[in-house]
1. Between the stretch A:121-170 and the stretch A:259-281, what is the C-alpha centre distance in whole Å?
2. Once you sort the root eigenvalues of the Cα gyration tensor of the protein assembly as shown as a ≥ b ≥ c, which label holds: rounded (a/c under 1.5), prolate (a/b larger than b/c) or oblate (the other case)?
3. Using 1/(1 + (r/R0)^6) with R0 = 45 angstrom and r between the beta carbons of residue A:157 and residue B:76, what's the FRET efficiency to the nearest 0.05?
4. Take B:210, B:164, B:244 and order them by how many other Cβ atoms sit within 10 Å, fewest up front.
5. Within the stretch A:266-292, what residues put their amide N at less than 16 Å from the label point 7 Å along the Cα-to-Cβ vector of residue A:81?
6. Would you order A:157, A:239, B:150, A:289 from fewest to most other beta-carbon atoms within 10 Å of each residue's own beta-carbon?
7. If one puts a single equal scatterer on every Cα of chain A and applies the Debye formula without solvent, what log₁₀ I(q)/I(0) results at q = 0.06, 0.14 Å⁻¹?
8. Could you calculate the FRET efficiency of residue B:66 with residue A:240 from 1/(1 + (r/R0)^6), where r is the beta carbon distance between them and R0 is 35 Å, rounded to 0.05?
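A short reminder: the numbers here are calculations on the coordinates, not readings from a lab. These numbers were taken from a predicted model, which means no experiment stands behind them. Cβ coordinates were reconstructed from backbone atoms using ideal geometry, including for glycine residues, and neighbour counts include every protein chain displayed.
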């Protein structure tokens, strides 16, 4: 019975698609879709095959097909991992990203709970202000922040990034978690309050376990945002061993006399892998966090 | 005798309990971590940036208040105006194309397709991979000697010589805009797809029965119902395109002859590389009015459509 209902629902969702013929669909749907998807994915393909090509093949491919690897080599990746500071940058990026993500989630959970559930005086206004904070772009903040970072004595250290990344992450995470907390019934909290639980206990034992999907979404999104961050890391970090992957790849791997495309693409590929892998495990959470924040 | 301190204790405890069950006090307490970080590292620098724009501070040298001197100087600086023009061009062209292709892709993905979830997942790839790293890939794709686009076109016999994508002002502009569009399509498409999925198919069925063609269905059902989400998505899209820094900095650093300098890259170059923090801050501050105008335009411009079409006026 349920199965049949589901079937009906599915048919309903498809609407009147059955009225469209296959040849028509090929021209209006499949071909445009294939072209767009090809364009969206081609740079990754090109990045990937470049990092396995030998230098001879990269610069003298007249006669050979450029779109395929003829003599695959791991030389670029070996060079990257053992003869540059790339592993160090990976570690820096990982450390900064994980720390600032956890810091932001902690702040965002407290703030979202207070705004959404404690409903203190002025909580609506604060909620709006936090949304506005999300609209402040890093490109107008990096100059004053660089002055501050210098005065605080954290210039060229991981802390400069760990403390500034949350300004990008907290507004987003708070906004997202507010939506999740709103969906938890008040009755649960009232019962717990009557049973003598404190607000902190309610938050930890009732609200947080019920909003695990929201926490994962916010966490994944914050992780990607801070992994991808560039302008703060470029401005606040000067020594090669403290750089993050995006900054290191752009400033240290580019040698202007000889263009080392193989090494550069290997660096770009390895730097993209962690977020790509994480993303592949949590696609649904990712999509829901992206669309959820916009829909609110 | 012992009852006095006990009363004292219970008085203290009850006051503490009362305090901790006061939602205003608790709310304040819960807001402290987020509030502290946002006030110190977001609100304060926002004000500090505006102040720095009014001084002649340089790297390693405290500045003095110079009033609007930086702005007067910028007003006569043709490179600044060129960067304003580039930013406008970049934002307008990239946003319109991103919206058009994004909406098209969303509508394609909203159909009944095999491997729909998988397609949606891979479409988002350009959005999650670090922009700087994909910009490096684009830099290589646009290489003046060994560009794969040139290679394919030569193999097909369409051109004779390699194209110098990033070497000429106009082709450089077109190239960076294309890269930005590539980066932005997934966000627009996936969020609009989420909006499309909330539209009930029965509306389309009714329209088909009434004899509406595809364009009429789009014009009278999809577009009006999607308008609120379009407004939000385009506001974000315009905002992020306007303040873009990464793509330009990796691919052209503002060149050739400043043809791709955006306001953000120009302010970085003047402030951090050139050391003129005050002037850089003035350029960054000059972005704020443009930014507000762009946000208001895309937000209210699209919201207005709602009541024009007989929707609620809110």
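1. 28 Å
2. Working: a/c = 1.64, a/b = 1.17, b/c = 1.40.
Oblate, since a/c reaches 1.5 and b/c is not below a/b.
3. Values: r = 40 Å, r/R0 = 0.88.
Efficiency, rounded to the nearest 0.05: 0.70.
4. On the way: B:210 9, B:164 16, B:244 25.
Ascending number of Cβ neighbours within 10 Å: B:210, B:164, B:244.
5. Label zone hits: A:266-274.
6. Details: A:157 16, A:239 8, B:150 22, A:289 26.
The most exposed by this proxy come first: A:239, A:157, B:150, A:289.
7. Log10 I(q)/I(0), no solvent term: -0.31, -1.13.
8. Values: r = 36 Å, r/R0 = 1.03.
According to the calculation, E is roughly 0.45.
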